[in-house]
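Enquirer: Just passing along the structure, written as structure tokens.
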Amino acid sequence: MEVTNVTEYQAIAKEKLPKMVYDYYASGAEDQWTLEENRNAFSRILFRPRILIDVSKIDMTTTILGFKLSMPIMIAPTAMQKMAHPDGEYATARAASAAGTIM
């Protein structure tokens, strides 16, 4: 399956992970208010498509907190990643490094 948006990742996770693990990752703490607010905030982010613009030489590099990053995307800390993959946080840190960003 080719993933084209974040919601599709959730569908794949639900299919592949044990129910208990999926439920842990898909839920929020207590009344899940912050989870709902985060979803609402992301739904307000819109991209303005640029048509007929040369995108062959895009430079997304930036500096955040003194670190030069390949893109303005960082990986936030999360716990218990080994429930989904044996390498857990180590694999995520390696992926961040390979992508030129930070965790």
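Enquirer: Name the residues in the stretch 1-44 that are farther than 13 Å from Ala84 by Cβ, among the hydrophobic types (A, V, I, L, M, F, W, C), exposed (fewer than 10 other Cβ atoms within 10 Å of the Cβ) and modelled with pLDDT of 90 or more, would you?
Expert: Selection gives Ala41 alone.
Enquirer: Among Glu15, Glu37, Glu8, Glu89, which is in a helix (DSSP H, G or I) and within 21 Å of Met103 (Cα to Cα)?
Expert: Unique residue meeting the criteria: Glu89.
Enquirer: Let me ask something else. Out of (1) under 30 Å from Met20 (Cβ atoms); (2) of a type in the set (Ser, Thr, Tyr); (3) open to solvent by less than 70 Å² (accessible area, probe 1.4 Å), what's the single condition that is false for Thr62?
Expert: Among (1) under 30 Å from Met20 (Cβ atoms); (2) of a type in the set (Ser, Thr, Tyr); (3) open to solvent by less than 70 Å² (accessible area, probe 1.4 Å), the lone unmet condition for Thr62 is (1).
Enquirer: Has the stretch 77-96 got at least one residue that is modelled with pLDDT of 90 or more, aliphatic (A, V, I, L, M), in contact with a strand residue (DSSP E or B) (Cβ under 8 Å, 6 or more places away or on another chain) and at negative phi?
Expert: No, because not a single residue in the stretch 77-96 is modelled with pLDDT of 90 or more, aliphatic (A, V, I, L, M), in contact with a strand residue (DSSP E or B) (Cβ under 8 Å, 6 or more places away or on another chain) and at negative phi.
The values are calculated or read from the model by the stated rules, or taken from the named source; none is laboratory data. Everything quoted here is computed from the prediction, not taken from an experiment. Virtual Cβ from ideal backbone geometry, glycine too; neighbours counted across all protein chains shown. Calculation scope for accessible area: heavy atoms of the full protein, side chains included, ligands and nucleic acids excluded. Shrake-Rupley method; radii C 1.70, N 1.55, O 1.52, S 1.80 Å.
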